[in-house]
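S.K.: Supplied in structure tokens, the structure appears directly below.
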Amino acid sequence: MGAGAPLFQRGRRLLDVWFEEAGSGAPVVLLHSSAADARMWDPLWPELAARFRVVRLDFRGFGRSPWAAQEPYTDAGDVADVLDGLGVREAAVVGASHGGRVALEVATARPDLVGRLVLLAAGMGLPPTPELRAFGQAEDAFIEAGDVEGAVRLNVDTWLGPEAGEAERIWVAEMQRTAFELQLAADPEPTAGHLPIDLAAITAPAVVVSGAHDLPYFQDTARTIAAGLASAELVELAWAGHLPSIERPGEVTRLLLDRLGDLSG
């Protein structure tokens with residue numbers, strides 16, 4: 001759909017992707033981690049929607065989006081399709097972990113669409129380090145043994161930092177469990193790909209956030225991203241693990257309002 005397409009109602013689907021929008025003003029897009037889904041933005045949603053036109057979506061195989069496709073697809077392509085369908089010409093894109101990688105892919109492929117980036121513990125497809133490889137092997141072992149709950153616990157223990165309480169652990173477990181159930185039920189399994197990332201080609205100013213309690217892999221990735229972008233601010237949160245917007249949502253909301261506040265002027 002092109003820029004002139006009508007807006008969709010709250011909580012609708014475009015293709016196989018669930019999305020939601022609220023508020024008015026400058027567009028801000030929220031892209032979730034693969035340890036969660038669009039619900040991870042719930043605590044930030046009201047304040048952001050009071051200042052901006054906010055859009056969030058569930059990637060295929062997460063939350064309210066089924067994991068189904070008749071042909072190969074990319075999450076970055078789905079994001080661009082949703083924004084084009086909503087008539088968004090330029091947006092600030094906030095991405096957490098996998099969502100940060102997708103944000104960088106969109107910014108590379110569609111620089112016209114991304115006017116600002118905020119990357120929270122973002123990935124970008126660097127070769128896995130030993131600790132990340134060990135995590136992947138342990139997760140695969142749980143799944144191959146049919147122990148979804150073991151895989152869920154592993155993800156919760158790995159990705160949440162010390163600021164997360166029991167409520168946050170239960171919440172992330174619910175989102176991660178939903179993702180496993182959707183993805184394990186897919187038959188045939190869809191072909192999901194990635195678009196290339198070229199940091200040197202991205203002109204949008206960026207805030208690159210990393211957590212001191214995150215895996216070294218993601219701390220190194222944050223430094224790599226910040227060094228490779230033309231305009232980037234590196235913010236290191238001493239208290240944060242991999243999911244700072246879940247661990248301290250109020251503080252991350254303030255960070256976003258501070259860094260994006262000029263958009264609403």
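The values are calculated or read from the model by the stated rules, or taken from the named source; none is laboratory data. As the structure is a prediction and not an experimental result, all values here were calculated from the model. In this analysis, Cβ positions are derived from the backbone assuming ideal geometry, glycine residues included, and neighbour counts consider all displayed protein chains. Surface areas here come from the heavy atoms of the whole protein model, side chains and all, with no ligands, DNA or RNA. Shrake-Rupley method; radii C 1.70, N 1.55, O 1.52, S 1.80 Å.
S.K.: Net charge within 12 Å of Leu263 by Cβ-Cβ distance, Lys/Arg positive one each and Asp/Glu negative one each, not counting Leu263 itself?
M.R.: Charge balance in the 12 Å sphere: +1.
S.K.: With percent of Cα pairs over 29 Å apart as the read-out, I listed (1) 41; (2) 22; (3) 25; which label goes with the value calculated from this structure?
M.R.: Comparing each candidate, only (3) matches the computed number.
S.K.: Another question about this same structure. Using the crude model of +1 on Lys and Arg Cβ and -1 on Asp and Glu Cβ, and no other charge, please compute the dipole size for the range 96-187 relative to its Cα centre, in debye to 20. Could the numbers behind the result be given before it?
M.R.: On the way: 7 positive and 15 negative charges, 97 e Å.
That gives a dipole near 460 debye.
S.K.: Additional query: Under a Cβ-Cβ cut-off of 13 Å, what is the net charge of the residues other than Glu233 that fall near it, where Lys and Arg count +1 and Asp and Glu count -1?
M.R.: Numbers: positive: Arg116, Arg223, Arg259; negative: Glu236, Asp258.
Cβ neighbours under 13 Å give a net charge of +1.
S.K.: In whole percent, how big is the carbon plus sulfur part of the accessible area of the chain, probe 1.4 Å, protein atoms only?
M.R.: 51 percent
S.K.: With the Cα gyration tensor of the range 152-203 giving a ≥ b ≥ c as the square roots of its eigenvalues, does the rule (a/c under 1.5 for rounded; else a/b larger than b/c for prolate; else oblate) give rounded, prolate or oblate?
M.R.: Judged from the Cα gyration tensor, the range 152-203 comes out oblate (a/c at least 1.5, b/c at or above a/b).
S.K.: Hey, what number do you get for the chain at 222 nm if only DSSP H runs of n ≥ 4 count, each worth -39500 (n - 2.57), divided across all residues, to the nearest 500?
M.R.: The helix contribution divided over the chain gives -12000 deg cm²/dmol.
S.K.: Still on this structure, please answer the following. Summing +1 for each Lys or Arg and -1 for each Asp or Glu, what net charge is found among the other residues whose Cβ lies under 12 Å from the Cβ of Gly161?
M.R.: Here the charged neighbours net out to -3.
S.K.: Assuming a ≥ b ≥ c are the square roots of the Cα gyration tensor eigenvalues, decide whether the range 143-240 counts as rounded (a/c under 1.5), prolate (otherwise, with a/b larger than b/c) or oblate. Walk me through the numbers on the way to the answer.
M.R.: On the way: a/c = 2.93, a/b = 1.41, b/c = 2.08.
Since a/c reaches 1.5 but b/c is at least a/b, the shape of the range 143-240 is classed as oblate.
S.K.: Placing +1 on the Cβ of each Lys and Arg and -1 on the Cβ of each Asp and Glu in the chain, which of Leu195, Ala49, Val235 has its Cα farthest towards the positive end of the resulting dipole?
M.R.: Sorting the options by dipole projection puts first Ala49.
S.K.: Could you derive backbone 3J(HN,Hα) for the range 240-251 from the dihedral phi with the Karplus parameters 6.51, -1.76 and 1.60 (θ = phi - 60°), listing whole Hz in sequence and x where the residue is Gly or Pro?
M.R.: Running phi through 6.51 cos²θ - 1.76 cosθ + 1.60 with θ = phi - 60° gives 8, x, 8, 10, x, 6, 8, 6, 9, x, x, 5 Hz.
S.K.: Which one, Gly99, Leu83, Ala109, projects farthest toward the positive side of the charge dipole computed for the range 69-176 from Cβ point charges (K/R +1, D/E -1)?
M.R.: So the residue we want is Ala109.
S.K.: What's the magnitude of the charge dipole for the range 11-260 around its Cα centre, counting Lys and Arg as +1 and Asp and Glu as -1 at the beta-carbon? Answer in Debye, nearest 20.
M.R.: It works out to roughly 760 debye.
S.K.: So how far apart, in nm, are the two label points at Arg177 and Ser231 if each is 7 Å from Cα heading toward Cβ?
M.R.: Each label point is offset 7 Å from its Cα along the Cβ direction, giving 4.5 nm.
S.K.: Which part of the range 115-144 falls in the paramagnetic zone of Asp157, meaning amide N under 17 Å from the point 7 Å along Cα-to-beta-carbon?
M.R.: So the set is 131-144.
S.K.: With the crude spin-label approximation of a point 7 Å out along Cα→Cβ, what separation in nm comes out for Ile143 versus Ala186?
M.R.: 0.9 nm
S.K.: For Gly63, list long-range residues whose amide hydrogen, built 1.01 Å from N in the peptide plane, is under 5 Å from its own amide hydrogen.
M.R.: Ala179
S.K.: Using a 1.4 angstrom probe, figure out how much accessible area the chain has per residue, in square angstrom, rounded to the nearest whole.
M.R.: 42 Å²
S.K.: In the range 11-260, what percentage of the DSSP-assigned beta bridges are antiparallel, given to the nearest 5?
M.R.: Details: 8 of 34 bridges.
Of the beta bridges lying entirely in the range 11-260, close to 25 percent run antiparallel.
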